[in-house]
Amino acid sequence: MKRKIYAELVNWKKNWAGRTALLLDGARRVGKSYIAEEFARAEYKSYLLIDFNRAGTEVRDLFLHYLDDLDTLFMYLSNYYNIKLYPGESLIIFDEVQLFPQARAAIKYLVGDGRYHYMETGSLMSIKWNVKDIVIPSEERHMKLYPMDFEEFLWAQGNEMLMDMIRRCYDTGKPMGQVMHRKAMDYFRQYMIVGGMPQAVAEYVQSRDFDKVDQVKRDILTLYRSDIAKHAQGYEMKVQSIFDEIPAQLQKHEKKFKLSSLKKNARLRDYENALFWLDDAMIVNICYNSTAPDIGLKLNMDRMTLKCYMADTGLLISHAFDENGIISQELYRKLLFDKLEVNQGMIVENLVAQMLTAAGHKLYFYSNSSREDKDARMKIDFLAAKSKISSRHNISPIEVKSTKNYTLTSLRKFVKKYKEQTYIPYVLHPGDVKEEEEIHFLPLYMTPLL
């Protein structure tokens, strides 16, 4: 599985490895351990992998007793794992480092020693329990690994050229043309169904059997539920209730997450830790309402009003349609051929959120439900700031449309009301590239290029 983050790992080794350890953060089953080991195998003379999910007390105790005697620490580790270490040419990987925070704290001294390079992988890196009683080392360089993006999904299927053509059409504003647009939308719908979890993608590439793919995704969902029960200490029931409620909330017209559906008179302060847990586990992508669409969307963020998307849309589908424990081939066939009568809007919007997140965007939306001023009443699915901020025209409103029949009432209101702030208004839709009344219409598969 070819992943874009590999090039970032190589860049880290070239420029930063002697001064920092690399912390690779991501959801369970997103491929952290795999890419870390592939990188170590290809780029180093030798590597030593310590999996703290399996390491016993004899290994853990080394970090407690020998940090002031690193010669002895390395001698024991090298002999225990039967790996010869070479100064400047070996990588030591701390896998699932959140399970043993003391190893993470030791990074300060290990990097300072300078003999070897260090890489950490883990999940839930910011949860209080996983940083309790340790000083987080300033010598860490963080990278986040997300589910496979659309281009990586194409690579997995042996298609190395389609995304280049999509980029050219995006850059020039020219349509893809009927044949290539249909081909790209076919791949987009496959990506929507399968998602970007590497195990699910590998199963799809190998078998082309949606039932088998669905079973892989259900295994991952079961793992997530087990993690919630095990690691969301003190508020596991709240985390579980939010997790189970995500599909129902996304099915609503505005898709805002209403805590009152979990419990009468529920307040955000009662569920904030549970939401943070899911966000930190990278199981969800949180999208906040920005009350003023101007420079600094975060400064105008309303933390009380949010949308909660699943981080992987393939998992959302298996999570949402689980009446019989496994999704039938018929449902997948309807999704594949764009014949699903209901729920498609939430699925497509969730995938756009996933693609924007993988492309580096923080997620914001705009919603004004004014009863007094109908011209102010509108909802915009996403807001994106342009990369180079200027004195005005910095924010792009983005509307997501899952079918070919739609209206743009809110988008037109937004452009009129916030003319000075608006950069390029976008509509992401199932159709080809076009421009009308200064609104840019882009096919859904161009989302990563915004």
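Just so you know, all these numbers are worked out from the coordinates, no wet-lab data involved. Bear in mind the structure is a predicted one, so any value in this text is a computation, not a measurement. Note: ideal-geometry Cβ built from the backbone for every residue, glycine included; neighbour counts use all protein chains shown.
Given R0 = 45 Å, the distance between the Cβ atoms of Glu438 and Asn265 translates into a calculated FRET efficiency of 0.50. Note on His65/Lys183: beta-carbon distance plugged into 1/(1 + (r/R0)^6) with R0 of 60 Å gives a FRET efficiency of 0.50.
Computed on the stretch 136-223, with alpha-carbon pairs under 8 angstrom and 6+ residues apart, the relative contact order is 29 percent. Return the subset of Lys264/Lys334; Lys174/Lys386; Lys339/Lys419 for which the Cα-Cα distance in this structure is over 29 Å, preserving the input order. From Lys264/Lys334; Lys174/Lys386; Lys339/Lys419, over 29 Å: Lys264/Lys334; Lys339/Lys419.
Note on the stretch 182-198 and the stretch 364-413: Cα centroid distance 26 Å, given to the nearest whole angstrom. Across the stretch 240-255, computed HN-Hα scalar couplings (Karplus, 6.51 cos²θ - 1.76 cosθ + 1.60, θ = phi - 60°) run 4, 5, 5, 4, 5, 8, 3, x, 5, 5, 5, 6, 6, 4, 8, 6 Hz from first to last residue, x flagging Gly and Pro. In degrees from 0 to 90, rounded to the nearest 10, what is the angle of the helix 162-172 Cα long axis to the longest principal axis of the chain? Long axis of 162-172 versus the principal axis of the chain: about 50 degrees. Once the Cα-Cα distance is subtracted from the 0.36 nm per residue extended length, the Ala248 to Ser46 segment shows a gain of 67.8 nm. Its Cα centre serving as origin, the chain has a Cβ charge dipole (Lys and Arg +1, Asp and Glu -1) of approximately 1300 debye. For the options Asn82, Asn350, Asn368, a Gaussian network treatment of the chain with springs between C-alpha atoms closer than 10 Å singles out Asn82 as fluctuating the most.
A Förster distance of 41 Å, applied to the separation of the beta-carbon atoms of Thr407 and Lys14, puts the FRET efficiency at 0.20. Taking amide H positions as modeled 1.01 Å from N, with prolines and chain starts lacking one, the residues under 5 Å from Glu140 and 5 or more places away or on another chain are Ala21.
For the listed peptides 17-24, 258-265, a ranking on the average number of other beta carbons within 10 Å per residue, highest first, reads 17-24, 258-265.
Axis of helix 70-81 versus longest Cα principal axis of the chain: the two differ by about 80°, to the nearest ten degrees.
Using a cutoff of 8 angstrom between alpha carbon atoms and counting only pairs six or more residues apart, the relative contact order for the stretch 151-449 works out to 18 percent. Against the chain, whose longest principal axis comes from its Cα atoms, helix 210-231 is set at around 60 degrees. Roughly how many whole Å is it from the C-alpha centroid of the stretch 251-272 to that of the stretch 139-174? The distance from the Cα centre of the stretch 251-272 to that of the stretch 139-174 comes to 34 Å.
If you run the Gaussian network model on the chain, springs between alpha carbon atoms under 10 Å, then out of Ser90, Ser367, Ser138 the most flexible one is Ser138.
Averaging the Cα positions of each part gives two centres, and for the stretch 286-310 and the stretch 66-85 these lie 48 Å apart.
Restricting attention to the chain, close to 40% of DSSP beta bridges with both partner residues there are antiparallel.
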